Every structure is written in C-alpha cells, then in structure tokens.
Amino acid sequence: MTIEKKTFDFNLKGKKGIAEIIYGKGSAEEFFVSILGISFAFLVLPWIMEWKLVFFRFLFLLLMVFDVFGFYKSIIRLSLDHNNLYIRIWKTEKAFRIDDIKQIKVSCIGSGWITVTVKLESAAKHYFLNAPNFEKERHRLFLDMVDYLEKRLSAKIRIRGLKLRKGEDGPVCGIQAMIQKTGIVIEKCDPEGKVRIGNEFWTALAMEGTEIDIGEQIIVRDIKGMKLIVEKHLGEQKEDTSSERRNGKWGHPLKET
C-alpha cells in the first residue's frame, strides 16, 4: 500500500519568496539581531584592542555566528512519504531514503530550540527547529510532527530532552506535560508558593479561594504562563518537611523555573 506524502510546513503565514524562508524558519528577529551584532563587532569593536574587550569580541562573534548557522540550518518544511523523508531548509528539499536512515534523533536544547539529527550509515545530518511553547500554533505543529514520526518510524525515532505525554489531542511537552502530575508543597501556596515535582522545583498558584500548606500533596490542574495551577491531592497524607529543610535536602534557595 502506498502512503500519501505527509507535510509539516512551518511557513504558517503563507509567505512567498525570501519571506517564506525567513518566516518559515521562525527566528527572523534573532537572525537580524545576529547580523547587526556581527556588523557591530567588525565595524566598531576591532578598533578597541584592550584584551578584555578582545576576548569579549571573540565570544560575542562566536555566539552570533552560531545564531546565523542555526538560522541557516533551521527547518522550513518536513515531509514523509512511503519511501523518503524530505527536509527543506532553503529553496530545495533534501531527500533521505527511509531504508538508509539508522536513527532520527529529536532533542530539545532549551528556549524552544530543537535539534533534529538524521543518522545515516556513513554520516549524520544536523538541523534545527524553532518551536517555542508560547508560539502555540507553531509548537502544536511540531508536536503533531513528532507524533506522526513516532507512528511511522517508531523503531528509528529517538526523543531526548522533551517531556512528552499523550493527551486526547496528541502529545504535549515542556511545561504542558506537568498537567496531572503530583508533587509536594515546599513553600506555602497563599496563593503563590513553591512545589517540588520529582526532582524539579516550580512556582505554583493555589486554585482560586484556596491555600495549601507546606508538606501537602498537590496535583497540577492547569498552567498560567510559567506557573502551575495546583490543588490539594485528596487522599494523600501530609508530609513532614521540617527536618528535610533543616538538613538542607533541597539545597540552596529555589530558583524560578
């Protein structure tokens, strides 16, 4: 049976020409800032030879060059048919025979940047994808893409650094994956406080009209920005956390996640 070509096009604004490439990569602002930064470093900073500034200029250029490289290697469109995987980063698509692919690795490297590595017998091709959580439509398309790849290429797909869970409408990752997870209050939620879920610490908001004491078990019901909306997890016993605090089990003061 022949499988129809499935396409995930990140040019969500339907632009044409060079605008299709810029907006399809989803990081146009970062790209232009990087170009301005490189121009500034070459036109202004070379005249300043003090060693600290020379070192700063080197790091600055390295970061800007990495941004430009990441923009160039960013995926605009990914497609999959019966025999091939297609990845477009510029004007033409690169085709990979599925039989030649040993592994496809999808990894999160923070701030919405995802790496996609296609490992072949003799080489590995590396690409980037910009799909932050706050760009809901773009992020949703990315999740749909991962879900489809898992279904079609389950033996070859590997996911790293993404907290994926299955929802009724498909997979979710990042902070959205915290919904329905349970944890413990380590700083009273009245309404805002801190909770521990596994080995991670989060700022949490108790549901409207409630407060939750230290040691109470909680369950995450919703997300507000980067804060968890929580309520008491009924049926769980209150945990004594005073000795853990005195013994420094949780280490240094909590940082915002």
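Just so it is clear, none of the values below were taken in a lab; they were calculated from the coordinates. Fair warning: this is a prediction, and the values are worked out from it, not measured in the lab. Note that we place each Cβ from the backbone using ideal geometry, even for glycine, and neighbour counts take in every protein chain shown.
Things worth noting here:
- Calculated FRET value between N199 and F66, using beta carbons and R₀ = 22 Å, to 0.05: 0.15
- Each label point was placed 7 Å from the Cα along the Cα-to-Cβ direction; for R221 and K102 their separation is 5.0 nm.
- Label sites at F55 and E135, each approximated as a point 7 angstrom past Cα along Cα to Cβ, lie 3.5 nm apart.
- Stretchable slack from E93 to K16, in nm (0.36 nm times residue separation minus alpha-carbon distance): 26.1 nm
- Remark: relative contact order (the range 179-236) = 34 percent; criterion is Cα-Cα distance under 8 angstrom and separation of 6 or more residues.
- Taking L143, L61 and counting other C-beta atoms within 10 Å, the order from fewest to most: L61, L143
- Residues D190, D81, sorted so that the one with the fewest Cβ neighbours within 10 Å comes first: D190, D81
- Neighbour-limited loop hits for chymotrypsin sites (Phe, Trp or Tyr not before Pro), the range 57-160 (at most 10 other Cβ within 10 Å; DSSP other than H, G, I, E, B): F134
- Charge tally in the Cβ shell below 14 Å around D222, where Lys, Arg are +1 and Asp, Glu are -1, D222 excluded: +2
- Full extension of the chain between S154 and E192 gives 9.6 nm of extra length, using 0.36 nm per residue less the Cα-Cα distance.
- Straightening the chain between M207 and I179 buys 8.7 nm, computed as 0.36 nm per residue apart minus the Cα-Cα spacing.
- Distance (nanometres) between label positions extended 7 Å along Cα→Cβ at A123 and E4: 3.4 nm
- Links that overshoot a 20 Å alpha carbon limit, given the list K181/K224; K151/K181; K13/K227: K151/K181; K13/K227
- Sparsely packed trypsin sites (Lys or Arg not before Pro) within the range 78-146, loop by DSSP, other Cβ within 10 Å at most 11: K91
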